[in-house]
1. State yes or no: is residue 16 surrounded by 10 or more Cβ atoms within 10 Å (Cβ to Cβ), at pLDDT 95 or above and among the charged types (D, E, K, R)?
2. Between residues in segment 61-75 that are touching a residue at least 40 places away in the same chain (Cβ under 8 Å) and more than 16 Å from residue 28 (Cα to Cα) and residues that are assigned to a strand (DSSP E or B) and β-branched (Val, Ile, Thr), which pairs lie under 7 Å by C-beta distance while being six or more apart or on different chains?
3. Scanning for something within 10 Å of the chain's Cα centre (by Cα) and either of a type outside the set (D, E, K, R) or more than 30 Å from residue 77 (Cβ to Cβ) (or both), does segment 13-35 turn up at least one residue?
4. Going through segment 19-47 one residue at a time, which ones are at pLDDT 95 or above and more than 13 Å from residue 67 (Cα to Cα)?
5. For segment 48-91, which residues satisfy the criterion of being modelled with pLDDT under 50 and under 20 Å from residue 34 (Cβ atoms)?
Amino acid sequence: MPLYFFDFIDGELVGRDQYGTKLPDVETAAREAVAALANISKDVRKRHRDRVLGLNVRGQSGETVLNVSLTLEVKWFPDEQIECDQELAGPMNPAVLSEQTRSRTSLAPEN
C-alpha cells in the first residue's frame with residue numbers, strides 16, 4: 001500500500017507530516033484529507049478570525065499529489081449576541097440560537 005504524507009497548512013504555519021499514512025490509493029487520500037479538514041474546522045473559537053486551512057498531500061517520493069483547502073469565514077454582528085458562552089464547535093445547533101437570530105437565518109421555520 002502506498003504511503004501518503006499530510007502536511008497541514010494554517011495560514012502561514014505549516015506542519016509537515018514526517019510519518020505518513022498507508023492508504024490504498026489517492027482517492028482514499030483525498031477523502032481522508034477532506035474529512036480531516038472538516039473535523040479541524042469544528043474547532044472554531046468564539047470571535048475567531050477568518051482563516052484558510054489546507055492539507056498538502058504528498059506521495060512516497062515527496063511529490064505533491066493533492067492539495068485540499070477550506071476557507072473559513074465567520075461573520076459576527078456587533079448588535080447580535082448569541083446566547084452561548086461556550087466555544088462554538090461542530091454544526092450550529094438551532095436550539096442554542098435566540099429567536100431573533102433564527103428569524104434572520106435560513107434556520108427560521110417556513111411559514
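The values are calculated or read from the model by the stated rules, or taken from the named source; none is laboratory data. In this text, all values refer to a predicted model and were calculated from it rather than measured experimentally. Backbone-built Cβ (ideal geometry, glycine too); neighbour counts: all protein chains shown.
1. Judged against the criteria, residue 16 is a match.
2. From residues that are touching a residue at least 40 places away in the same chain (Cβ under 8 Å) and more than 16 Å from residue 28 (Cα to Cα), the pairs are 69/52.
3. Looking for residues that are within 10 Å of the chain's Cα centre (by Cα) and either of a type outside the set (D, E, K, R) or more than 30 Å from residue 77 (Cβ to Cβ) (or both), one finds at least one in segment 13-35, hence yes.
4. Once the filter is applied, which keeps residues that are at pLDDT 95 or above and more than 13 Å from residue 67 (Cα to Cα), segment 19-47 yields 19, 20, 21, 22, 23, 24, 25, 28, 35.
5. Across segment 48-91, the qualifying residues are 89, 90, 91.
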